[in-house]
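These notes are about the structure you will find just below.
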Amino acid sequence: MNSILIQMTLLMACGPVWRFAEPAGLSAEQTRRVLTTVVYYLLLPAMVLEVLWTADIGWHSFQYTLLGVACVVFAMLCIWLVGAVLKFEDRRLGAMILAAAFPNVTYLGLPVLEQTFGSWARSVVIQMDLFAVTPFLFTVGAMVARHYGQETTEKPKAVWLFFNAPPFWAAAIAVVLNLNGCIAPVWLLGVLQKLSAAVVPLMLFSLGLALNWKAVSVRNIPYVMPVIAIKLALMPLFAIALVSFLPIAGDYRAAAVLDLSMPSMVLGIVFCDRFKLDSSLYAMAVTVTTAISLITLPFWHGVLMQGSPWF
């Protein structure tokens, strides 16, 4: 696990180096936007189609959804209680809820789990993302951001329109093909596999580009500390306790819990910007939790592999 995280860290470190050097005059923001667009609209849908078309989809897929949604709700309630007791400002509390509740299950979870458990773990990550975390972010997460922030558009976008996106369309097509027993042509699988191979390094590089230590400020430390505690400690503990009641077997159980132990999701910054939440606080939470996760992820992996009182 440590060796894998060293490799992941070096790939992410290319992002800050690029931010400093700006090769060909391209800023980190410009480069990240191009890369994430390519991944989101081409490479990730190709991987989703490849993985879900051939995956074992069934009752356990609902279990991933239940586990993921329950853990997100638990984290949201925890940080909401902290904010209510300490009377945090709305725009800060909204950012804290998003940062504490939604883990980076794909951009960091996918490379870490694939390298740790093998290629089969991609199915766990994609199902956890597309069947649980991201749909919840686009519905409840968006409503939370709207409640604590400000609507900046005259005609707010309907919640269901968030699902009109390439990864969700690819998932829908793949599930239909899978459940109807359609066999993927060898030539098509070859194309999808080649496109999928580029996802992991580009995701890690994009994540590195998104990390910005300039966003770290002393004034935000009291707000980031509860996010760290909930995101990297309480949420994994809750996942371990909950998964013991679900019939998810062996390494699949460990992979699902480790995926939910990831740091804060980068995508949340979009909701902070749109609804005028504290974007600098959210950016700091992403940066700090990602850095600390290099310590916590090996710990939770060790707990999961050695067993725990509930596991």
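The values are calculated or read from the model by the stated rules, or taken from the named source; none is laboratory data. These numbers were taken from a predicted model, which means no experiment stands behind them. Note that each Cβ is placed from the backbone with ideal geometry, even for glycine, and that neighbours are counted across all protein chains shown.
Okay, residues lined up against (1) among the charged types (D, E, K, R); (2) assigned to a helix (DSSP H, G or I); (3) more than 21 Å from W169 (Cα to Cα):
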site	(1), (2), (3)
G15	no, yes, yes
F20	no, yes, yes
A24	no, yes, yes
M47	no, yes, no
D56	yes, no, no
F62	no, yes, no
L67	no, yes, yes
M76	no, yes, yes
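Selection of the stretch 256-278 for residues being outside any loop (DSSP other than H, G, I, E, B), more than 8 Å from the chain's Cα centre (by Cα) and closer than 17 Å to M76 by Cα yields G268, I269, F271, C272.
On the stretch given as the stretch 235-272, residues that are free of Cβ contacts under 8 Å to residues at least 60 places away in the same chain, at negative phi and surrounded by fewer than 20 Cβ atoms within 10 Å (Cβ to Cβ) total 4.
Of all the criteria given as (1) closer than 20 Å to T106 by Cα; (2) in contact with a Cys (Cβ under 6 Å, 6 or more places away or on another chain), the one not satisfied by S279 is (1).
For the stretch 135-146, check the following and say yes or no: at least one residue is in a loop (DSSP other than H, G, I, E, B), surrounded by fewer than 24 Cβ atoms within 10 Å (Cβ to Cβ) and at pLDDT 90 or above. Looking through the stretch 135-146, none of the residues is in a loop (DSSP other than H, G, I, E, B), surrounded by fewer than 24 Cβ atoms within 10 Å (Cβ to Cβ) and at pLDDT 90 or above. Cβ separations smaller than 9 Å between residues 6+ apart or across chains give the following pairs from the stretch 51-66 residues that are over 25 Å from V191 (Cβ atoms) to residues that are assigned to a loop (DSSP other than H, G, I, E, B) and modelled with pLDDT under 85: H60/A249; S61/A55.
Conditions tested, residue by residue: (1) of a type outside the set (G, A, S); (2) under 19 Å from V82 (Cα atoms).
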position	(1), (2)
V216	yes, no
M225	yes, yes
M235	yes, yes
A255	no, no
L277	yes, yes
M284	yes, yes
